[in-house]
Amino acid sequence: MAQARALSRAAWARENATEFIQTHVVNIAGGVLFLLLAVFLLWPISAVLVKGVYGPEGFTLRFYERFFTAYYYRSFLNTLLLGVLTTSVCITAGFCIAYLTTRGPRFLRSPLKWLTLLPLIAPPYIFALSIIMLFGRRGFITQLLNLDLQIFGFTGVVIAQTMAFLPLAYLIIENMLTSLDSSLEDSAANLGASEGKILRSITLPLLVPGFLKGSLIVYVMAVSEFGNVAILAGRTPFLAPDIYTIVTGIETDFHMAGTLSMFLLLPVAIIFLVQNYFYKDKGYVTISGKPSYAGPRQMGLLILIPMMIVALTEVGLIVLSFAVVAIGGFTRIVGIDNTFTLAYIVDWRANHALVSSLRVSLLAGLFGAALGILIAYVVVRGKFKGRGAVEGLCLAGFAMPGTVLGIGYLLAFNSPPLLLTGTMIILVLNSVFRFAAVGMEAGITKLQQLSIEVEEASRNLGASTPTTFRRVVLPIIFPAAMYGFIYVFMTTMVSLSAVVFLTSPAYPLVAVFIFQWAHSGYIGLASATTVKVIAIVAVCLGIIQVMSRWTGFSITGEIKGRYGG
Amino acid sequence: MGDEAMLVVNDVHKSFGHVGALRGVSADIAKGELISFLGPSGCGKTTLMRIICGLTKPDAGEIILEGRVINDVPPDRRGIQMCFQNYALFPHLTVAGNISYGLQVHKWKKDKIKARVEELLHLVQLEGLGDRRIDEISGGQQQRVALARALALAPKVLLLDEPLSNLDANLRVHMRATLREIQRKVNITTIFVTHDQVEAMTISDRLVVMNQGAVEQVGSPVEIYEKPRNEFVAKFIGYVNMLQGVVKDTSDASRSAVIDTELGESEIALGDSRLSRGEKIYVIIRPEAIRLDIRKSTGPMNSFAGSIRSVMYAGSTVKYTVDVGGKDLIVDEYDPTTHGIRRMGERVVAEIPRNVHILRADSRTPVLT
Ligand SMILES: Nc1ncnc2c1ncn2[C@@H]1O[C@H](COP(=O)(O)OP(=O)(O)OP(=O)(O)O)[C@@H](O)[C@H]1O
Ligand SMILES: [Mg+2]
């Protein structure tokens, strides 16, 4: 007995020691992470916003004055309308498709899902290209049906942005729908509610947090990812392209850019606050107990048919767009000189940009995932006060319009000690801090499933903290890291809004390359390069999927499991 | 009980892909009775309940309510209400909102809804909690909200799928009584699903023991306890002392038999059943029917010497494991305060009663004694 007690006391002391080290390591790591987030998110963002109220003469509101007297307020209203319209359509259509792929006819679920997700691997402005080639003055459909369409303007922009960001909305809503306890709907049906009534009184109210989250992400993308907007807007002004012109134009004016950024940010900040503070504790957890198996309830025709129309329209447009861009990439000048050419697909400038993009994206993916997971660990396991701030800051980076963060980096890192402008590092860092939240959210979910007791049990069995981390924590958190990697990698490959301000001739990025050529009307080259981007992203995902046999991480499985953004 | 069957389950089959969840289940449920479906996890209890209330379609078989086949009647027209294993309370509605959901769907008038909700809250002893959010009440209270919600529309049959399995031990026992009381008060035909045999025994009028998608035995708690039909039921109902044996000799005159068991030779009473020499059987002995003694020698039949291997004190009883020549017997002794508690390693004589339950080892049919 005495011996046993002595032994357990030794074990106890050891446990206390590891406990001590662990708490402090985690807390110190927390401090370092906070500092990093402050330098690479807080500082650049503040730099932009301060510019808007701080001229050479000191504090001033004259840029805001100009905002309201020049045409800029119209850009603001247009942008607001664009964001609201795109978001509403994306959320509505996303919900319809998600409802179909979780409760609709079984044979439709998989094809519908993967086709809907397809645009995620393409640059968002693929839809500007396809709209021009389909409905432009010399577009296939315009000529075929002899139409007289005006696609350049507000309508074209909304359509393109909706097509581009609907997959994001779908993914989030689908995930929420899958995790919704189906016995709630069964219960309502048992109590006599019709499918429509169940939708209105149970399903939709429970999805509100998902709708908010989806709205935030889609809204931010719609107003700041301005490829489609710049290409299709014509004479209609929008904030993000305005900022782009102001910053990259002949007379660079960071003050006005700062003011415009404020207005780009304002609605986003409002949704962000609503989502994170007012709605936080209204997230509905399932009460308790076993999940029940969802037998597919038959969807009534009154609900099935309208949803099918939405889904088929969307999927049809996606397939059509991909097809026409593929054709466009091998056609000399669509609609004018419809002869086959390989010139665009072998273009060396495009290949150069592609390689450089791939390098940046891989690095960003690696570091972005690592940073996200580290933050997740610190947020979940740390005991220090500012945990919430670390998490919030990271999320804010994700919710930040890319345009704002791009200018922020330009302003913040163009003087010593952090002179990064024109380097590859600034491109990588920008993506890392912009998207780390995805890995973080995924990591937090995983870590919350792994109770601290499991780690303690491992340590109790004699494993040291590093061993515990390697043998217990890492395997569980690995899928989250992979998920973060894929998201950051893919988004960095195709996203334009931030890096467009940061590329230099030495480090061209393919997203910027495509945008600039498309913007100047070289649809063929832009299409061919888009095809190459899609192919490369698809191959990378394919490799990860094939590796799943060894890594245990499957993309299909993970997308089914959860969405971390 | 049971002349007019309220609900009949007739040879119901259901499989999910390769998994045969139900393989021909039949049962009659009488009006006003509380019948338990008892079986281990995964034996198809929930599936059967979902089929009865219409949320899942059976592959074959019929559900008959008051003489009418209701297979094609949708779940909301059957008058059968199910309480889900996880309660399935609507988290965005209040307690009252949950209870009144069905009433609102059926377009009841506001004041009638209000009155009915009050009545139900009173019935399940939740007065005054109507405005609480679902996550602001305890597990036992959530359970009662689920019950009230199911009772709101005054269904003909109530299905309770493991209603108590999410509660802690003490609360379970308390809620068991509450449930039974409410069921009697409303006089509603109730199917109670559980995998806890004690719970099933104490609460029900009758039991249906299920295993792997089939019914093993139907009967009153006493019947099931005293005359389990086969090995599975015996084990599931909590019999721990099952001795393998061979019939050595039978005597028609004294209606008894001598069995060569793992412990040694024992004489047992046969009652009405027949055994033939050489037959392999199981002898089932209830733990409380074995008597322990120190004084007696091993002389008479049915007495075997052994030693106490473990002692588990449980207040009103002590549970001993007695090692008899390498075979463990579980023995319950009541009122240890009066009798004193035996020590580990103490030598005792275990006396086995003549009246035991016998099962044929080779078939599933019982030999009734
Ligand atoms: N929708 C479904 N799809 C596939 N298999 C299912 C489905 N529903 C049930 N099963 C399977 O059918 C069998 C019976 O399941 P059921 O939920 O009815 O068991 P149960 O007796 O209620 O178990 P428990 O006590 O754990 O609740 C199990 O093997 C289960 O895996
Ligand atoms: Mg069950």
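The values are calculated or read from the model by the stated rules, or taken from the named source; none is laboratory data. Note that the structure is a prediction, hence the values are computed from the model and not measured. When we count neighbours, we look across all protein chains shown, and the Cβ atoms used for this are built from the backbone with ideal geometry, even at glycine.
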Those residues of segment A:261-301 that are surrounded by 13 or more Cβ atoms within 10 Å (Cβ to Cβ), aromatic (Phe, Trp, Tyr) and at pLDDT below 75 come to a total of 3
Considering each residue of segment B:80-116, count those that are within 14 Å of chain A (Cβ to nearest Cβ) and part of a helix (DSSP H, G or I), and give that number.
-> 12
Those residues of segment A:168-211 which are surrounded by fewer than 24 Cβ atoms within 10 Å (Cβ to Cβ) and more than 14 Å from chain B (Cβ to nearest Cβ) amount to A:LEU168, A:LEU171, A:ASN175, A:LEU177, A:THR178
Please indicate, with yes or no, whether at least one residue in segment B:166-187 is within 14 Å of another protein chain (Cβ to nearest Cβ) and within 13 Å of ligand 1 (Cβ to nearest atom).
-> yes
Test B:GLY39 against the criterion of being without any contact (Cβ under 8 Å) to a residue 12 or more places away in the chain and within 11 Å of ligand 1 (Cβ to nearest atom), and give yes or no.
-> no
For segment B:101-155, which residues satisfy the criterion of being surrounded by 15 or more Cβ atoms within 10 Å (Cβ to Cβ) and either at positive phi or of a type in the set (S, T, N, Q) (or both)?
-> B:GLN104, B:GLN141, B:GLN142, B:GLN143
In segment B:44-70, how many residues are within 16 Å of ligand 2 (Cβ to nearest atom) and over 23 Å from the mean Cα position of the chain (by Cα)?
-> 2
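Yes/no matrix, rows are residues, columns are (1) modelled with pLDDT under 85; (2) of a type in the set (A, V, I, L, M):
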position: B:LYS248; (1), (2): no, no
position: B:VAL258; (1), (2): no, yes
position: B:SER273; (1), (2): yes, no
position: B:VAL283; (1), (2): no, yes
position: B:GLU288; (1), (2): no, no
position: B:ARG295; (1), (2): yes, no
position: B:THR298; (1), (2): yes, no
position: B:ASN302; (1), (2): yes, no
position: B:GLU333; (1), (2): no, no
When segment A:376-411 is checked residue by residue, the ones that are more than 14 Å from A:LEU33 (Cα to Cα), at pLDDT 90 or above and among the small types (Gly, Ala, Ser) are A:GLY402, A:GLY406, A:GLY408
Consider B:TYR87 carefully, then state whether it is away from ligand 1 (no atom under 16 Å from the Cβ), among the aromatic types (Phe, Trp, Tyr) and touching a residue at least 40 places away in the same chain (Cβ under 8 Å).
-> no
Members of segment B:42-67 that are part of a loop (DSSP other than H, G, I, E, B) and within 11 Å of ligand 1 (Cβ to nearest atom) | B:GLY42, B:CYS43, B:GLY44, B:LEU55, B:THR56
From A:ILE270, A:ILE217, which residue is of a type in the set (A, V, I, L, M), over 23 Å from A:PRO124 (Cβ atoms) and more than 14 Å from chain B (Cβ to nearest Cβ)?
-> A:ILE270
Considering only segment B:124-151, state which residues are away from chain A (no Cβ under 14 Å) and within 18 Å of B:LEU164 (Cα to Cα).
-> B:VAL124, B:GLN125, B:LEU126
Scanning segment B:194-252 residue by residue, those free of Cβ contacts under 8 Å to residues at least 12 places away in the same chain and more than 13 Å from the chain's Cα centre (by Cα) turn out to be B:SER251, B:ASP252
Quick check: is even one residue across segment B:84-91 closer than 19 Å to A:SER194 by Cα and in contact with a Lys or Arg (Cβ under 6 Å, 6 or more places away or on another chain)?
-> no
Examine segment B:195-215 for a residue that is within 16 Å of ligand 1 (Cβ to nearest atom), within 14 Å of chain A (Cβ to nearest Cβ) and part of a loop (DSSP other than H, G, I, E, B), and state whether such a residue exists.
-> yes
Top-ranked residue in segment A:108-133 [being of a type in the set (Phe, Trp, Tyr) and assigned to a helix (DSSP H, G or I); ranked as nearest to A:LEU358 (Cα to Cα)] = A:PHE127
Within segment B:155-169, is even one residue part of a helix (DSSP H, G or I), over 23 Å from B:ALA27 (Cα atoms) and of a type outside the set (D, E, K, R)?
-> yes
Residue tally, condition surrounded by fewer than 20 Cβ atoms within 10 Å (Cβ to Cβ) and touching a helix residue (DSSP H, G or I) at 6+ places or on another chain (Cβ under 9 Å), over segment B:44-69 | 2
Any chance B:VAL322 is free of Cβ contacts under 8 Å to residues at least 40 places away in the same chain and crowded, with 18+ Cβ neighbours inside 10 Å | yes
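Matching residues to (1) part of a helix (DSSP H, G or I); (2) more than 30 Å from A:LEU525 (Cα to Cα):
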{"site": "A:ALA311", "(1), (2)": "yes, yes"}
{"site": "A:VAL315", "(1), (2)": "yes, no"}
{"site": "A:VAL324", "(1), (2)": "yes, no"}
{"site": "A:VAL346", "(1), (2)": "no, no"}
{"site": "A:ALA353", "(1), (2)": "yes, no"}
{"site": "A:ALA364", "(1), (2)": "yes, no"}
{"site": "A:VAL380", "(1), (2)": "yes, yes"}
{"site": "A:PHE384", "(1), (2)": "no, yes"}
{"site": "A:GLY408", "(1), (2)": "yes, yes"}
Identify the residue in segment B:1-17 that is within 14 Å of another protein chain (Cβ to nearest Cβ) and part of a strand (DSSP E or B) and, among all such residues, is nearest to the chain's Cα centre (by Cα).
-> B:LYS14
Before we move on, is B:VAL193 within 16 Å of ligand 2 (Cβ to nearest atom), assigned by TED's automatic domain parsing to the domain that holds B:ASP28 and modelled with pLDDT of 90 or more?
-> yes
If the Cβ limit is 7 Å and pairs must be 6+ apart or interchain, which residue in segment A:144-173 that is more than 15 Å from A:GLY94 (Cβ to Cβ) pairs with which residue that is of a type outside the set (A, V, I, L, M, F, W, C) and exposed (fewer than 15 other Cβ atoms within 10 Å of the Cβ)?
-> A:PHE152/A:GLY234; A:GLY153/A:GLY234
For A:ILE131, all conditions in the list (1) more than 30 Å from B:PRO74 (Cα to Cα); (2) within 14 Å of chain B (Cβ to nearest Cβ) hold save one; what is the number of the exception?
-> (2)
Any idea which of B:GLY20, B:GLY39 is under 18 Å from the mean Cα position of the chain (by Cα) and either among the polar types (S, T, N, Q) or in the same structural domain as B:LEU164 (by TED's automatic domain parsing) (or both)?
-> B:GLY39
